[in-house]
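Engineer: Right, I'll just put the structure down here and ask away after.
Nothing in this text is a laboratory measurement; each read-out follows from the coordinates by a stated rule. Just so we're clear, the structure is a prediction, and the values are computed from it rather than from any experiment. So basically every Cβ, Gly included, is an ideal-geometry build from the backbone, and we count neighbours across all protein chains shown.
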Amino acid sequence: MPDTTTLPARPTLSLSPSRAQDFQSCPLLYRFRVLDRLPEPPSPAAVRGTLVHAVLEALYDLPAGQRTLESAIGLLAPQWAALVEQRPELLTMLEGLAGSGEGAVPGDEAAWLRGAGDLLETYFGLEDPARLEPAARELRVEAALPSGLVLRGFVDRLDVAPTGQVRVVDYKTGRPPGVGFEARAMFQMRFYALVLWRMRGEVPTVLQLMYLATGVVLRYEPDEADLLAMQRKIEALWAAISRAMESGDWRASPSALCQWCAHQALCPAWGGTPPPLPEASPESPAASAEAPELLVEDG
């Protein structure tokens, strides 16, 4: 028997719902984010989503009787300060908000926070947090498929009823999907449901997307057959990613989403040239085929 202690560690192959959706929308975007790890300027929508998520997480640290809209609004400033302390470059984002429809002028943090407060007000119109006791918030979930692929991500909120029923909740600060695109919007939730099923051996009862910009709530009740189909879809997606890894063929897929892409200057579809592919090693991003999550991106 060989001495396995001398063998190099096998890199973990992992995938999150965000990066899975990147590859589905544009393989080249997946490459830029995962292999090249190109920096991206923070977008107002992403930062606002991150801030509102942080406030809603912190809100449930308060006693039930103190979970009011006023308390949530009061959490905005300290949570924003904590976010800026972690990422000082976010302050420069405010300089480009004039005339953008984001409800702020250059450097006007108060107006920026009021815009986030509007989303919180919508949230309180959808449910009363004083009546809820989440089983988990910002829960890191991770499970391996039979192929060895590790699925991972963060669930905004997990509710467990006294009867044992499980509800997976995700907050969205962007617009809800148009008619006919609900299934695509639910991809992330079905991904999480699959991971939770593999972790706990139980299919979540309800998947719930809460769109705080409009007050729309989407719900879906998965079953085992649905999650098995989701697993097959993810395995097929990973096979496509693996083929691209082997061939180095990362093609651009131009679409309406290109207008929000930070990498147009390097994209062949826009007359650019991608940088050379990075060298792969057991410690490199290419080996793990995953990258740290960016700021919350809401669609």
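Engineer: Could you please rank HIS263, HIS53, placing first whichever residue has the fewest other Cβ atoms within 10 Å of its Cβ? Can you show the working numbers first?
Structural biologist: Numbers: HIS263 20, HIS53 23.
Listing HIS263, HIS53 from fewest to most nearby Cβ atoms yields HIS263, HIS53.
Engineer: Convex hull over the Cα atoms of segment 171-270, averaged projected area in nm²?
Structural biologist: Result: 8.4 nm².
Engineer: Okay, next question. Given a Förster distance of 22 angstrom, what is the FRET efficiency for ALA135 paired with THR68, based on the Cβ-Cβ distance and rounded to 0.05? Working shown, then result.
Structural biologist: Working: r = 22 Å, r/R0 = 1.01.
Once rounded, the FRET efficiency stands at 0.50.
Engineer: Could you calculate the contour length gain from LEU237 to ALA77, that is, 0.36 nm times the residue separation minus the distance between their Cα atoms, to one decimal place in nm? List each step's numbers first, then the result.
Structural biologist: On the way: separation 160, 0.36 × 160 = 57.60 nm, distance 4.07 nm.
Using 0.36 nm per residue and subtracting the Cα-Cα distance, I get 53.5 nm.
Engineer: What's the FRET efficiency of ALA58 with ALA213 using the Cβ-Cβ distance as r and R₀ = 22 Å, to the nearest 0.05? Walk me through the numbers on the way to the answer.
Structural biologist: Working: r = 21 Å, r/R0 = 0.94.
With a Förster radius of 22 Å, E is 0.60.
Engineer: How many nm is it between the label spots at GLU202 and ALA111, if each spot is 7 Å from the Cα in line with the beta carbon?
Structural biologist: Label-label distance for GLU202 and ALA111, simple model: 4.9 nm.
Engineer: So how do ASP223, ASP159, ASP118 line up by other beta-carbon neighbours within 10 Å, fewest first?
Structural biologist: So the ranking, lowest neighbour count to highest, is ASP223, ASP118, ASP159.
Engineer: Express in nm, to one decimal, how much length is gained between VAL160 and GLU121 on full extension, taking 0.36 nm for each residue of separation and deducting their alpha carbon distance. Don't skip to the answer; put the middle values down first.
Structural biologist: On the way: separation 39, 0.36 × 39 = 14.04 nm, distance 2.46 nm.
Roughly 11.6 nm would be gained on extension.
Engineer: Which FRET efficiency value, to the nearest 0.05, is calculated for ALA144 and GLU224 with the Förster distance at 22 angstrom and r the Cβ-Cβ distance?
Structural biologist: On the way: r = 18 Å, r/R0 = 0.83.
Working from the Cβ atoms, E equals 0.75.
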